[in-house]
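What follows is a single structure, written as structure tokens, with notes after it.
The values are calculated or read from the model by the stated rules, or taken from the named source; none is laboratory data. Please read these numbers as outputs of a predicted model, since none were measured by experiment. Here Cβ is always computed from backbone atoms with ideal geometry, including for glycine, and neighbour counts include all displayed protein chains. The protein model used for the area step is the full one, side chains on, heavy atoms only, and it has no ligands, DNA or RNA in it. Shrake-Rupley method; radii C 1.70, N 1.55, O 1.52, S 1.80 Å.
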Amino acid sequence: MTISRRTLLAAAPVAAAALAAPSLARAQNAGRVVIIGGGFGGASAARFARDRFPALDVTLIEQNRTFTTCPYGNLVLAGRRTIESITFGYERLAARGVRVVHQRATAIDPQAKRVRLSDGAEVPYDRLVVSPGIDLRWGAIERYDQAASARMPHGWAPYVQPITVLERQLREMRQGGVFVMAIPDNPFRCPPGPYERISMVAEYFKRHNPRAKILALDAKNGFSKQPLFQDAWEELYPGMIEWRGASNDGRVTAVNPEALECVTEFRDRVRGDVVNVIPPQMAGQIARDAGLANASGWCPIKPATFESAQVSDIWVLGDATIAAPMPKSGFAASTQAKHAIACIAASLAGREPPPAVYFNTCYSHVGEDYGISIVGVFRGGERLTEVEGSGGISPRNSALPADRRAEFRRLEAIYADGWYDAITGEMFG
Ligand SMILES: Cc1cc2nc3c(=O)[nH]c(=O)nc-3n(C[C@H](O)[C@H](O)[C@H](O)COP(=O)(O)OP(=O)(O)OC[C@H]3O[C@@H](n4cnc5c(N)ncnc54)[C@H](O)[C@@H]3O)c2cc1C
């Protein structure tokens, strides 16, 4: 390993132990798997590799010392969760034997099979996993850049801007004010996320600012779980939420940060007291710099394995990938991670990869004791396809017996909490 001693000593104690006993590490080593990004894809891959393929030598490169999940960030806005309760450290992954290196990966050399770190050290790999999440496309909405995002927060990537910036503005909003949201076109991180956010902001307003309004300006004409969300908005927050789709001039093309104003495609000027702009996105920078992305800004993968379609011996996971019809979700990233690690172990052992089956469930909280969900099962061969009849959205209230509705929605909210505890426990526990 040519990783520098300074980097290693700053990393987990386990890393120092491995350095002290290189012969032991080598004796067990079936291959060096290096993972960039310690979020849903990367942390899941590290944990799965460590637990299920103990002969692999696993290094996780993550730029931050803690990870704040996007899931349940909207509940922080509602006032139901604290930021601390959705923030996790890497100590337990390290204690399990993952070599955790807190550095930014700055370059990948696929010929030499090395990752360069921000401190100048280099980490060699046999197989590389890249799960860096998204970058925001500054300027795709005219005048929406990093400076503008301080006044008009996105709250869409915690490693770029913590959700607390938006939370603070929400808490300070005047009574009876207007909360404006700009929502991007597909593809983007977490298709139901903006609509869960609308719901959680509405829940907060219902309790603390009951005359406030929410105006959602959307670059699309439809969205994930739309009938379920809209049923809930009518029932729980009547008259509070207006959603404008693209054909109703909902697409925001420019902002005026000084005036807290959004400008739409047909030049409507919409002013808010708080403005939440979720801009268009692309794969994280390291993936784009390494030639893993195509002209779309996202990374093509081989659907059967999640190996990059452009660079061999590199696997790309999660939001950075082109994996439709799978959504860009944390659950999807973790199921891709497990399959990718199984494929990597097979390729290192000279075996065929296992058959590819991927799963997704996305729960959304829309009110107190009120949850909804969408499920899908996917197969990867030549193409990624959703298994017909395998999933769909949970039933609308109108399809449930009147005396069972409240219980059904309460159970979905409980299942959502169970999902969150399970997946974060699996990544960081
Ligand atoms: C409001 C909201 C709600 C959501 N709710 C849900 C939900 O309920 N269920 C669900 O399944 N999904 C949900 N998601 C989506 C989910 O957060 C993402 O799909 C998931 O985080 C993608 O995982 P990832 O591994 O691709 O990226 P991430 O989880 O974002 O991880 C990327 C990591 O890479 C690190 N990194 C990036 N570049 C480098 C580098 N060069 N060097 C070192 N480290 C680097 C970052 O610091 C980060 O820790 C939600 C998203 C949002 C915005």
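Give the residue, chosen from Gly245, Gly222, that is out of contact with any helix residue (DSSP H, G or I) (no Cβ under 6 Å at 6 or more places or on another chain) and surrounded by fewer than 18 Cβ atoms within 10 Å (Cβ to Cβ). None of the other options fit; the residue is Gly222.
Quick one: count up the residues across the stretch 372-410 that are part of a helix (DSSP H, G or I) and over 19 Å from Pro227 (Cβ atoms).
Qualifying residue count for the region: 3.
If a residue counts only when it is of a type in the set (Lys, Arg), which helices (runs of 4 or more DSSP H) contained entirely in the stretch 55-163 have at least 3 such residues? Hits in the stretch 55-163: none.
Might you check whether a residue that is touching a residue at least 12 places away in the same chain (Cβ under 8 Å), more than 15 Å from the ligand (Cβ to nearest atom), surrounded by 23 or more Cβ atoms within 10 Å (Cβ to Cβ) and assigned to a loop (DSSP other than H, G, I, E, B) occurs anywhere in the stretch 200-213? Checking the stretch 200-213: not a single residue is touching a residue at least 12 places away in the same chain (Cβ under 8 Å), more than 15 Å from the ligand (Cβ to nearest atom), surrounded by 23 or more Cβ atoms within 10 Å (Cβ to Cβ) and assigned to a loop (DSSP other than H, G, I, E, B).
Among Ala283, Ala304, Ala320, which is the only one that is open to solvent by less than 40 Å² (accessible area, probe 1.4 Å) and over 17 Å from the mean Cα position of the chain (by Cα)? Working first, answer last.
On the way: Ala283 fails: over 17 Å from the mean Cα position of the chain (by Cα); Ala320 fails: over 17 Å from the mean Cα position of the chain (by Cα).
Answer to the selection: Ala304.
With respect to (1) within 16 Å of Lys328 (Cβ to Cβ); (2) crowded, with 21+ Cβ neighbours inside 10 Å, the lone exception for Asn186 is condition (2).
Tallying residues that are without any contact (Cβ under 8 Å) to a residue 40 or more places away in the chain and either among the hydrophobic types (A, V, I, L, M, F, W, C) or surrounded by 10 or more Cβ atoms within 10 Å (Cβ to Cβ) (or both) within the stretch 386-404 yields 9. In the stretch 348-369, of all residues being without any contact (Cβ under 8 Å) to a residue 60 or more places away in the chain and within 16 Å of the ligand (Cβ to nearest atom), the one that is most open to solvent (accessible area, probe 1.4 Å) corresponds to Phe359. Output the residues belonging to the stretch 25-79 that are within 6 Å of the ligand (Cβ to nearest atom), over 21 Å from Gln285 (Cα atoms) and open to solvent by less than 30 Å² (accessible area, probe 1.4 Å). Gly73, Asn74 - these are the residues of the stretch 25-79 that are within 6 Å of the ligand (Cβ to nearest atom), over 21 Å from Gln285 (Cα atoms) and open to solvent by less than 30 Å² (accessible area, probe 1.4 Å).
Can you confirm whether the stretch 228-238 contains a residue that is open to solvent by 20 Å² or more (accessible area, probe 1.4 Å), part of a strand (DSSP E or B) and in the same structural domain as Ala150 (by TED's automatic domain parsing)?
Step one: filter the stretch 228-238 for residues open to solvent by 20 Å² or more (accessible area, probe 1.4 Å), giving 230-231, 234-236, 238.
With the extra rule that they be part of a strand (DSSP E or B), the set shrinks to none.
No, the conditions are met nowhere in the stretch 228-238.
Among the numbered conditions (1) part of a helix (DSSP H, G or I); (2) farther than 30 Å from Gly38 by Cβ, the only one that Thr424 does not meet is (2).
Before we move on, is Val58 under 21 Å from Gly133 (Cα atoms), touching a residue at least 40 places away in the same chain (Cβ under 8 Å) and either in contact with an Asp or Glu (Cβ under 9 Å, 6 or more places away or on another chain) or assigned by TED's automatic domain parsing to the domain that holds Tyr204 (or both)? Spelling it out, it is not the case that Val58 is under 21 Å from Gly133 (Cα atoms), touching a residue at least 40 places away in the same chain (Cβ under 8 Å) and either in contact with an Asp or Glu (Cβ under 9 Å, 6 or more places away or on another chain) or assigned by TED's automatic domain parsing to the domain that holds Tyr204 (or both). Of the residues in the stretch 102-122, at least one is on the phi > 0 side of the Ramachandran plot and either assigned by TED's automatic domain parsing to the domain that holds Asn209 or open to solvent by less than 40 Å² (accessible area, probe 1.4 Å) (or both).
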